[in-house]
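Enquirer: Can you keep this structure in mind? I'll have questions shortly.
The values are calculated or read from the model by the stated rules, or taken from the named source; none is laboratory data. All figures in this text were calculated on a predicted structure; none of them were measured in a lab. Using ideal geometry, Cβ is built from the backbone for each residue, glycine included, and neighbour counts are taken over all protein chains shown. Heads up: the accessible areas ignore ligands, DNA and RNA and are worked out on the full protein's heavy atoms, side chains in. Shrake-Rupley method; radii C 1.70, N 1.55, O 1.52, S 1.80 Å.
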Amino acid sequence: MANAREVKHLSRNAIEFVRADRSHSGEILNLLQQAASWMERNGIRQWTPGQFNEPDIINYFEDREVYLALIEHELAGMFTLQFSDPLYWGPRNDDSYAYLHRLCVTETYRGIGLGSLMLDYAADVAKEKGCKGLRFDTVAHNIKLNGFYQSLGYHYMGTNDMGGGRLVNLYEKFEDTGDPDEVILRYFREEDFEYLRSWSVSPEFLKQWAGPSLTYPIEDEELRRYMEGTNHPAHSNMLIYSAVHKASGKVIGHISLAAIDRTNRSARVGRVVVDPLYRGKGIGHRVMKEMLRIAFEGLEMHRVSLGAFDFNTSALRSYEAIGFRREGVQREAALFGEKFVDCIELSMMDREWRELYRS
């Protein structure tokens, strides 16, 4: 038996992927029940051991493909693929995608990166089969797990109500564009606090990008309060993201979507800042574009607004280049030094987003 505790980084070459058949039903049932028991012990409301039985496992082979991950001939994990998923994806379902379910890892092999390698393999299988990409869902309430999938480059596509209070977030793997400065948005977390502090070099600059919402110098407790109740797309009135440079894995920016009004389908972008070392490279444009995609396509907003102080001409040019339109001025809205400055109000509508970015 392999000793996973001695493995710090698992390579894909160490894994043998096998297409399962009905003869594997017992092993699959045992793996799923063990995974569900582990979830229950750890307070994770996702699966229960009783929901799995052998007849259901056998039925998997009627409408999906089942894959096993073996390490030194030992079962280490599994996932299934199907090629339509109207139950979870509803009106967003598209039969040209592959849909992943039942991703799990045995307790022995948790914490060494096997889950992400299985996702990579599943994406490769989808591509080999001519699918547009890989899609999957995960429980909406597990913010840490959602952030993990986001960090792997999976994009939030929406939230679906499965009934009984169960909400799932939908994710998709986009085709690789080859952009060396591609940016990932993933949920802001405590280990990101240091970046906001290091970028906020003065009270004036902090006020420029965060307005009155944060005070200089930024303290941890203030940022914890800022995070409270955020990052549940179906309920929270604010989503907070760190921008990660995909190639290097470095956190290089921050952005939030606040004042989320699901009745009137409006929201407001705020608290936008980019690491000084990455300014002038179009990073802000990439970050804003992905934030708008989440707002318009994931949350189905009708209107997204933002504001920028009149002296921040580079930001105003960038926002207008993305497609925001000026709609007004808050006169003398903030005091910088001894001078009151105007705040320029801009907005974009969903129809304008579609005209610019949907082919």
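Enquirer: Using a Gaussian network model of the chain with C-alpha springs under 10 Å, which one of Asn142, Asn264, Asn13 is most mobile by mean-square fluctuation?
Expert: So, out of Asn142, Asn264, Asn13, the one fluctuating most is Asn13.
Enquirer: Which GluC sites (Glu not before Pro) does the stretch 270-346 hold that lie in a coil by DSSP with at most 12 other beta carbons within 10 Å?
Expert: Sites meeting the loop and neighbour criteria: Glu300, Glu338.
Enquirer: With +1 on the Cβ of every Lys and Arg and -1 on the Cβ of every Asp and Glu, and nothing else charged, how large is the dipole of the stretch 49-143 about its Cα centre, in debye rounded to the nearest 20?
Expert: 340 debye
Enquirer: Can you tell me how the stretch 142-208 classifies by the Cα gyration tensor, rounded, prolate or oblate, using a/c under 1.5 as the rounded cut?
Expert: oblate
Enquirer: With θ taken as phi - 60° and the coefficients 6.51, -1.76 and 1.60, list the Karplus ³J(HN,Hα) couplings across the stretch 52-69 in order, rounded to whole Hz; mark glycine and proline as x.
Expert: Values per residue, Gly and Pro as x: 10, 8, 5, x, 5, 4, 4, 5, 3, 6, 7, 10, 7, 9, 10, 10, 10, 10 Hz.
Enquirer: Place a +1 charge on the Cβ of each Lys and Arg in the stretch 191-256 and a -1 charge on the Cβ of each Asp and Glu, then give the dipole magnitude about the Cα centre in debye, rounded to the nearest 20.
Expert: 280 debye
Enquirer: Just report the Cα centroid separation between the stretch 20-89 and the stretch 226-296, whole Å.
Expert: Here the answer is 34 Å between Cα centres.
Enquirer: Treating the beta-carbon of each Lys and Arg as +1 and of each Asp and Glu as -1, no other charges, what is the dipole magnitude of the chain about its Cα centre, to the nearest 20 debye?
Expert: Roughly 600 debye, rounded to the nearest 20.
Enquirer: If you don't mind, another one. Could you pull out the GluC sites (Glu not before Pro) across the stretch 1-103 that fall in loop regions by DSSP (anything but H, G, I, E, B) with no more than 14 other Cβ atoms inside 10 Å?
Expert: Glu72
Enquirer: I've got another one for you. How do Arg351, Arg45 rank by accessible surface area computed with a 1.4 Å probe, from largest to smallest?
Expert: Largest accessible area first, the residues go Arg45, Arg351.
Enquirer: Kindly identify the stretch 51-171 as rounded, prolate or oblate by the Cα gyration tensor criterion: order the square roots of the eigenvalues as a ≥ b ≥ c, call it rounded if a/c is under 1.5, otherwise compare a/b with b/c, prolate if a/b is larger, else oblate.
Expert: Taking the square roots of the gyration eigenvalues as a ≥ b ≥ c, the stretch 51-171 is rounded.
Enquirer: Then there is this: Pop out the carbon and sulfur fraction of the accessible area of the chain as a percent, whole number, probe 1.4 Å.
Expert: 47 percent
Enquirer: Can I ask one more? If the reach is capped at under 17 angstrom between alpha carbons, list the lysines near Lys127, excluding any in the same chain fewer than eight residues apart.
Expert: Once the sequence-local lysines are set aside, what remains near Lys127 is Lys173.
Enquirer: At 1.4 Å probe size, with every protein chain present, just tell me what the per residue accessible area of the stretch 212-359 comes to in Å².
Expert: Counting only protein heavy atoms, the per-residue value for the stretch 212-359 is 50 Å².
Enquirer: Helix-only estimate, please: 222 nm mean residue ellipticity of the chain, summing -39500 (n - 2.57) across DSSP H runs of length 4 or more and dividing by its residues, to the nearest 500.
Expert: Helices in the chain give a 222 nm mean residue ellipticity of -8500 deg cm²/dmol.
Enquirer: Then there's this: Quick check on the stretch 260-345: take the gyration tensor over C-alpha atoms, sort the square-rooted eigenvalues as a ≥ b ≥ c, and tell me if it's rounded (a/c under 1.5), prolate or oblate.
Expert: Cα axes put the stretch 260-345 in the oblate bin.
Enquirer: When Lys and Arg each count +1 and Asp and Glu each count -1, what net charge do the other residues less than 9 Å away from Met348, Cβ to Cβ, add up to?
Expert: Computed value for this residue: 0.
Enquirer: Now a separate question. Might you work out the accessible area of Phe336 for me, using a 1.4 Å probe with all protein chains in place, and round it to the nearest 10 Å²?
Expert: 30 Å²
Enquirer: Identify the trypsin sites (Lys or Arg not before Pro) of the stretch 210-278 meeting these criteria: DSSP loop state and at most 10 other C-beta atoms within 10 Å of the C-beta.
Expert: none
Enquirer: Sticking with this one: Among Asn53, Ser256, His141, pick out the residue whose Cα is farthest towards the positive end of the charge dipole of the chain, where Lys and Arg carry +1 and Asp and Glu carry -1 on C-beta, about the Cα centre.
Expert: Of the listed residues, the answer is Ser256.
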